[in-house]
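As structure tokens, the structure follows; a few thoughts come after it.
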Amino acid sequence: MKLLSTSVRASEGIAVGRAFVVRRTKSSINREKGSAESEKSLFATALAASREQIAHLAENSDIFAAHLEIIDDEMIVDSVETAINEGCSAEDAVSSSCEQIVSMFEAMDDEYLAARAADVKDIFARISQNLAGGVINPFEGVENGDIVVDRELFPSDMALLDFSKIRGFVTAEGSTTSHVCIMARNLSLPAVVGLGDASAEITTGDRLIIDGAEGLVIVNPDEYTLNDYLTRGLNYQALKQEQQAVANCEIFDGDRRVYVFANAGSVEDVERAIASGADGIGLFRSEFVYMQSSQEPTEDKQYEIYAAAARACNGKPLIIRTLDIGGDKAVPYLDFPKEENPFLGWRAIRISLDRVDMFCRQLRAILRASTDGDVRVMFPMVVCVDELRDAKYYLEQCKRELEQGGVAFNPNIKVGVMIETPASVFIADSLAAECDFFSIGTNDLIQYIMAADRANVKVSKLYNPYSDAVLRAVQSVILAAQNANIECGMCGELASDNLATERLLTMGLDEFSVNVGSIAKIKYELNKLTTK
Ligand code: PEP
Ligand code: MG
């Protein structure tokens with residue numbers, strides 16, 4: 001029996017099954033390198049075949065729709081053709097360009113963007129295979145109930161492997177925000193990722209136990225351990241079923257309705273959240289709309305997305321947060337200056353108030369979508385009342401423009417403020433007097449209160465949501481909201497932590513906005529606490 005572990009929490013759940021270790025043989029062919037022109041033409045043929053395959057897959061998958069945008073990016077053709085001009089064969093040019101572009105993505109500070117390196121690798125792997133004569137399925141031989149073990153799983157593997165027939169997967173590389181991890185959480189498929197070279201100790205046919213919540217893999221367990229985990233697996237399944245049973249409940253704490261909203265970054269997230277029992281969307285991260293585009297999305301494009309999200313809510317609230325870029329999130333077309341302290345720099349509402357035309361295009365798109373549902377608008381990183389007043393001033397100006405143009409919108413759209421800085425905690429009473437709701441962003445609030453970078457593992461002990469300073473701040477914000485008679489929600493990760501639910505409920509939190517996979521868990525916890 002061997003124990004392998006990782007600190008990455010990919011997708012919770014316990015699975016026992018036979019290991020299937022994927023062998024990805026590099027496609028290679030022996031041929032004489034031709035002239036630069038003929039190498040470029042071979043590459044062009046493989047690129048066109050790859051594009052056609054991806055376009056076909058994109059008909060049923062957003063992931064491949066994103067691949068389509070990447071493969072159409074001139075950077076790929078430029079980089080491969082430059083390498084061919086420098087004397088490489090088409091195959092070598094594809095492989096060196098892949099390394100170059102992937103390392104560029106991996107170097108990005110933003111975890112979400114860094115995880116997109118997997119998409120780029122995936123696309124280049126497809127081009128390589130097409131150069132060698134066709135796409136190979138590395139999952140031939142996977143049996144029902146297997147646990148798939150691979151160096152890394154790629155989005156396109158979803159078209160080759162039926163994930164519903166396996167019990168889970170283990171990878172050496174990958175992060176919690178990679179597409180396959182997100183998909184595993186959606187399917188409630190246990191997964192352990194980021195195991196590193198330890199994964200090489202597993203061979204096909206080994207019996208495996210995986211515990212996704214603990215990031216643990218047990219290879220060839222003894223009988224006692226096996227029985228122990230089989231029981232734990234059954235208990236986990238039973239708990240999941242109990243949680244699922246209350247996912248659509250309305251929660252009341254006495255007379256007070258307590259809402260479980262969800263955080264979303266796309267219309268698909270909204271659809272999944274509502275189907276999973278969410279009472280609304282407490283945070284629609286509009287920056288993803290900007291980050292997935294090579295130029296600023298037009299007002300019409302944004303309107304389409306916000307309106308689709310509003311319709312997907314079926315009348316339940318949709319809180320759209322205006323652009324929260326900067327810090328660790330960048331977009332190429334915004335020309336960010338190099339900053340010494342990006343988290344204390346040009347980000348979120350600060351950018352919006354500096355780039356008023358862009359801000360107003362977003363506000364008009366949000367206002368237009370407000371006729372498609374209960375749309376609300378929320379401003380990120382507010383630190384003083386003037387910022388809120390300025391943002392509201394532009395909102396009113398946009399309302400007037402729409403009115404003059406005869407465009408419909410909800411004139412009483414609710415306006416909220418994210419409380420995610422110590423400054424906003426201290427002036428919560430003043431802010432509450434001028435807005436309709438609060439949402440506490442603990443992800444940033446903790447890092448600013450504790451002076452501990454949210455992404456720096458060296459200070460992760462200090463980045464503690466349960467520290468006195470953080471809990472007192474949360475309580476004082478809720479009290480300020482109550483005094484002003486406005487609702488107070490929380491959209492930071494702390495809302496998804498069931499160990500915090502009782503405390504937050506007692507403090508008087510009205511709305512828990514959680515990640516989609518945690519809706520049933522938090523509803524269950526709240527239901528237990530309010531019906532005992
Ligand atoms: C937060 O800071 O808690 C939050 C929800 O915003 P983000 O994680 O997008 O910064
Ligand atoms: Mg934040």
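The values are calculated or read from the model by the stated rules, or taken from the named source; none is laboratory data. None of these values were measured; they are calculated from a predicted model. Positions of Cβ are backbone-derived with ideal geometry, glycine not excepted, and every protein chain shown enters the neighbour counts. The protein model used for the area step is the full one, side chains on, heavy atoms only, and it has no ligands, DNA or RNA in it. Shrake-Rupley method; radii C 1.70, N 1.55, O 1.52, S 1.80 Å.
Data for the structure
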{"item": "Solvent-accessible area of ASP228 with every protein chain in place, 1.4 Å probe, in Å² to the nearest 10", "result": "50"}
{"item": "Accessible heavy-atom area order of ARG185, ARG257, highest first, probe of 1.4 Å", "result": "ARG185, ARG257"}
{"item": "Debye intensity ratio in log₁₀ form over the Cα atoms of segment 249-329, taken at each q of 0.11, 0.15, 0.19, 0.26 Å⁻¹", "result": "-0.33, -0.56, -0.80, -1.23"}
{"item": "Under the Karplus curve 6.51 cos²θ - 1.76 cosθ + 1.60, θ = phi - 60°, whole-Hz ³J(HN,Hα) for segment 148-162, x wherever Gly or Pro sits", "result": "7, 10, 8, 4, 7, 9, 10, x, 5, 4, 5, 7, 9, 10, 7"}
{"item": "Ranked packing of 165-172, 297-304, 330-337, most packed first, by mean Cβ within 10 Å", "result": "165-172, 297-304, 330-337"}
{"item": "Prolate/oblate/rounded call for segment 92-187, Cα gyration tensor, a/c under 1.5 rounded", "result": "oblate"}
{"item": "Nearest-0.05 FRET efficiency for GLU140 and ALA245, computed from C-beta distance (R0 51 Å)", "result": "0.85"}
{"item": "Antiparallel DSSP beta bridges within the chain, as percent of all bridges there, nearest 5", "result": "35"}
{"item": "For segment 258-530, accessible area per residue (1.4 Å probe, heavy atoms of protein chains only), Å²", "result": "40"}
{"item": "Accessible surface of segment 258-530, 1.4 Å probe, proportion on carbon and sulfur as whole %", "result": "48"}
{"item": "At R0 = 45 Å, FRET efficiency that the Cβ-Cβ distance of SER96 and ASN60 yields, to 0.05", "result": "0.85"}
{"item": "Per-pair calculated FRET efficiency, R0 = 35 Å: ALA132 and PHE336 via Cβ, rounded to 0.05", "result": "0.30"}
{"item": "Cα centroid of segment 142-202 to Cα centroid of segment 296-341, whole Å", "result": "30"}
{"item": "Per-residue HN-Hα couplings for segment 367-383 [Karplus 6.51, -1.76, 1.60; θ = phi - 60°; Hz; x = Gly/Pro]", "result": "4, 5, 6, 5, 8, 9, x, 8, 8, 10, 10, 9, 9, x, 6, 5, 10"}
{"item": "Amide N of segment 242-270 lying under 18 Å from the label point, which is placed 7 angstrom from the Cα of THR506 along Cα→Cβ", "result": "253-254"}
{"item": "Segment 65-194, relative contact order in percent, only Cα pairs under 8 angstrom and at least six apart counted", "result": "18"}
{"item": "Nearby lysines by direct alpha-carbon distance to LYS392 (threshold 26 angstrom, same-chain neighbours under 8 apart not counted)", "result": "LYS301, LYS316, LYS329, LYS414"}
{"item": "The chain shape via C-alpha gyration tensor axes, a/c threshold 1.5", "result": "oblate"}
{"item": "Shape of segment 36-132, Cα gyration tensor, a/c cut at 1.5", "result": "oblate"}
{"item": "Sequence-separation-based contact order of segment 36-132, relative, with Cα cut under 8 Å and 6+ spacing, percent", "result": "34"}
{"item": "Inverse of mean 1/r across different Cα pairs in segment 258-530, Kirkwood, Å", "result": "18.7"}
{"item": "Spatially proximal lysines relative to LYS40 (Cα-Cα < 27 Å; intrachain offsets below 8 disregarded)", "result": "LYS26, LYS121"}
{"item": "Surface share of carbon and sulfur [accessible, 1.4 angstrom probe, percent] for segment 142-202", "result": "47"}
{"item": "Cα coordinate range in segment 213-277, projected on the principal axes (Å, largest first)", "result": "50, 33, 16"}
{"item": "Part-to-part distance (alpha-carbon centres) for segment 361-376 and segment 401-439, which is given in Å", "result": "13"}
{"item": "Two-site label geometry, TYR224 and ASN483: point separation in nm, points 7 Å out along Cα→Cβ", "result": "5.8"}
{"item": "Spacing of the two label points (7 Å from each Cα toward its C-beta) at LYS392 and ARG24, in nm", "result": "5.3"}
{"item": "Probe 1.4 Å, all protein chains present, accessible-area order of LYS528, LYS392, largest first", "result": "LYS528, LYS392"}
{"item": "Estimated [θ] at 222 nm from DSSP helical runs (n ≥ 4, -39500 (n - 2.57)) normalised by residues in the chain, nearest 500", "result": "-14000 deg cm²/dmol"}
{"item": "For segment 481-490, 3J(HN,Hα) per residue [Karplus equation, 6.51 cos²θ - 1.76 cosθ + 1.60, θ = phi - 60°, Hz, x = Gly/Pro]", "result": "5, 4, 4, 8, 6, 10, 7, 10, x, 9"}
{"item": "Sequence-distant residues sharing a close amide H with VAL375 (under 5 Å, placed H)", "result": "LEU318"}
